[in-house]
Amino acid sequence: MAAVFKLVCVVLAFMVVAAPYAAEGALTCGQVASKMTPCLGFLMGNPMSPGCCPGVKGLLAMAKATPDRQAACNCLKNAAKSMSGIKMDKAAALPRQCGVNIPYQISPATDCAKVK
């Protein structure tokens, strides 16, 4: 029950972060959160859940245009900054673990304005 409560809190946090970035691209932080929620355990050091890589691949497929990639980058960056317990090495390794290549590193230090 505590894990479900934490998950709901994380999704809500993603959605709160979404408001400033919704206008930047068609992709919203709510959509990013929806795709990335199954990866939360992995990002905190636990084994990867079966839904994680399909979510990562789905997010990549949704972010075809530069504004969408920049919006996704900003959502992930702000979530990484605001959530305690995220292991940045796991976040950086996530695309590789799922067999995809994204045009930026998932990190609070990423300059999302440079993502093409």
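The values are calculated or read from the model by the stated rules, or taken from the named source; none is laboratory data. What you see is a predicted model; the values in this text were computed from it and never measured. For neighbour counting, all protein chains shown are included, and Cβ atoms are generated from backbone atoms with ideal geometry for every residue, glycine included. Side chains are part of the model used for accessible areas, which takes the heavy atoms of the whole protein and leaves out ligands, DNA and RNA. Shrake-Rupley method; radii C 1.70, N 1.55, O 1.52, S 1.80 Å.
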(request) Between residue 116 and residue 84, with labels modelled 7 Å along Cα→Cβ, what's the label distance in nm to one decimal, could you check? (result) 4.0
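Find out how many positive minus negative residues lie around residue 114, taking Lys and Arg as positive, Asp and Glu as negative, among other residues whose Cβ is under 13 Å from that of residue 114.
Values: positive: 69, 77, 116; negative: 111.
Result for the local shell: +2.
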(request) Pull up all non-local amide H partners of residue 115: gap of 5 or more, or a different chain, and H-to-H distance under 5 Å with H placed in the peptide plane. (result) none
(message) Could you compute the net charge surrounding residue 104? Neighbours are other residues with a C-beta less than 11 Å from the C-beta of residue 104; K and R count +1, D and E count -1.
(response) +3
(request) Please count, across region 27-99, the pairs of lysine residues with Cα atoms under 22 Å apart that sit 8 or more places apart or on different chains. (result) 13
(message) Can you compute 3J(HN,Hα) from phi for each residue in region 107-116, using the Karplus curve 6.51 cos²θ - 1.76 cosθ + 1.60 with θ = phi - 60°, rounded to whole Hz and x for Gly and Pro?
(response) 7, x, 8, 5, 8, 5, 5, 8, 6, 10
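With +1 on each Lys and Arg Cβ and -1 on each Asp and Glu Cβ, and nothing else charged, work out how big the dipole of region 27-99 is about its Cα centre, in Debye to the nearest 20. Don't skip to the answer; put the middle values down first.
Working: 9 positive and 2 negative charges, 20 e Å.
Computed about the Cα centre, the dipole is about 100 debye.
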(request) Please calculate the 1.4 Å probe accessible area of residue 107, with all protein chains present, and give it to the nearest 10 Å². (result) 20
(request) Would you compute, for the Cα atoms of region 51-103, the largest minus smallest coordinate along each principal axis and list the three values in descending order, in whole Å? (result) 30, 22, 18
